[in-house]
Amino acid sequence: MTPKIERFLAERRADTPCLVVDLDVVAESYARVRETVPDAAVSYAVKANPAREVLELLIALGSGFDAASMFEIETCLSLGASPDRIIYGNTIKKQGDIEAAYARGIRLFAFDSEAELEKLAVAAPGAGVYCRILTSGDGADWPLSRKFGCELDMAANLMLRARDLGLDAVGISFHVGSQQTDAGQWDVAIGRVAEVFKTVAERGLNLRMINMGGGFPVRYRKDVPDLETVAQTIADAIKRHFGDETPELIIEPGRSITAEAGVIQTEVVLISSKDYANGIRWVYLDVGKFGGLAETMDEAIQYPIATPHDGKAEGPVAIAGPTCDGADILYEDAGYKLPLGLKVGDKVLLLKAGAYTTTYASVGFNGFPPLKAFYI
Ligand SMILES: *Cc1c(COP(=O)(O)O)cnc(C)c1O
């Protein structure tokens, strides 16, 4: 936690649960990405945290944006982003939304199927398009595939078809899966992109861009490869597969830009035990799966937790949210331990919670309001 967040929490005494995001950390994370992956243009994945304050900051810093919907596109535009810095990166779009985006000046679109390509040809004539290929999702704590992407032979055929439909057949994209903990997965994916480039080149189409998506991991409870390691893996793979003919590169970090900037302050509502025997404490917080912590599904994303009693004796716990839904358990198997002195009413902090939280909160399940957020 940063001193700025600490001061804010001490002075403001806001009702819990609330997310507090230190915008300086967002700026630092963005600068670090620019520095470490200097050859790639950055399109921030808006869905990770679409707060006006975050987007305004990133616009001022020169970032581009990866948007998934007309709402995200309109938000970026209304805050001053220029349409040529916005990618419509969702492979699943209504034709009307493609038309609307095109009318607003968006000229780069993702697709991964023939049907989507047909829509683009009609609704965004002449626009730039890129095809997303499947990745395995291996190594990712929050995998995204099978839903997105297509096999390499299909991607090659579709890019040729894009050209024949009068679209600008720009390149290929992939996403190695969010919170990707194996740097080697970027190497695998770039190798697959190179195959598509080669196949279409043999048929007279030269592609010029690789969109490498996001996936850059954050250190939650476990060590992960650092950004330097991932960047070096990418640079080596590009060199090996493309030699001196480096394609234009785009990356779309989301999590790695905003996660570390945010802390959720929550309160202990109840501590109980289910039996006299094993003594596992159940700690119920006032935030849960429906209050913004959807990424605790299958205990995938494991936020580091800080309490006022850290450093004292600890014991194993299960941690759950406050709603009357049985799915609202955050961690039961992940091996969390919390201090034995933890009490009802204590304030507990979930660290590195600035990404994929606010917009994942339900509108009011069980009458609990969506997660409040402060950007400082
Ligand atoms: C979600 C998403 C991202 C961001 O991924 P992170 O793992 O948060 O960096 C980037 N690109 C696309 C297309 C996405 O759907």
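Structure data summary
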{"quantity": "Å³ per residue enclosed by the Cα convex hull of the chain", "calculated": "140 Å³"}
{"quantity": "Rg followed by Dmax, in Å, when the stretch 260-375 is reduced to its Cα trace", "calculated": "13.5, 45"}
{"quantity": "Principal-axis tilt of helix 23-36 within the chain, Cα atoms, nearest 10 degrees", "calculated": "40 degrees"}
{"quantity": "Of all DSSP beta bridges in the chain, antiparallel share, percent nearest 5", "calculated": "40 percent"}
{"quantity": "Rounded to 10°, Cα long-axis angle of helix 227-242 versus longest principal axis of the chain", "calculated": "20 degrees"}
{"quantity": "Inter-site label distance for Asp275 and Ala60 at 7 Å from Cα along Cβ, in nm", "calculated": "5.7 nm"}
{"quantity": "The stretch 222-275: GluC sites (Glu not before Pro) in DSSP loop, at most 14 other beta carbons within 10 Å", "calculated": "Glu245"}
{"quantity": "Within the stretch 78-145, trypsin sites (Lys or Arg not before Pro) in DSSP loop having at most 12 other beta-carbon neighbours inside 10 Å", "calculated": "Lys94"}
{"quantity": "Estimated distance in nm for a label pair at Lys198 and Cys324, the labels positioned 7 Å out from Cα along Cα-to-Cβ", "calculated": "6.1 nm"}
{"quantity": "Qualifying GluC sites (Glu not before Pro) in the stretch 283-352, DSSP loop, other Cβ atoms within 10 Å at most 12", "calculated": "none"}
{"quantity": "Per-residue SASA entry for Asp182, accessible area with 1.4 Å probe, Å² rounded to 10", "calculated": "60 Å²"}
{"quantity": "Arg203 accessible area, 1.4 Å probe, all protein chains in place, Å² to nearest 10", "calculated": "120 Å²"}
{"quantity": "Rounded to the nearest 20 debye, dipole of the chain from Cβ charges on Lys, Arg, Asp, Glu", "calculated": "480 debye"}
{"quantity": "Projected label distance in nm at Ile92 and Asp310, using a 7 Å step from Cα toward the beta-carbon", "calculated": "3.8 nm"}
{"quantity": "Angle in degrees between helix 3-12 and the longest Cα principal axis of the chain, rounded to the nearest 10", "calculated": "50 degrees"}
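The values are calculated or read from the model by the stated rules, or taken from the named source; none is laboratory data. Please read all numbers here as calculations on a predicted model, not as lab measurements. Cβ sites come from the backbone with ideal geometry, for glycine too, and all protein chains shown count toward neighbours. Heads up: the accessible areas ignore ligands, DNA and RNA and are worked out on the full protein's heavy atoms, side chains in. Shrake-Rupley method; radii C 1.70, N 1.55, O 1.52, S 1.80 Å.
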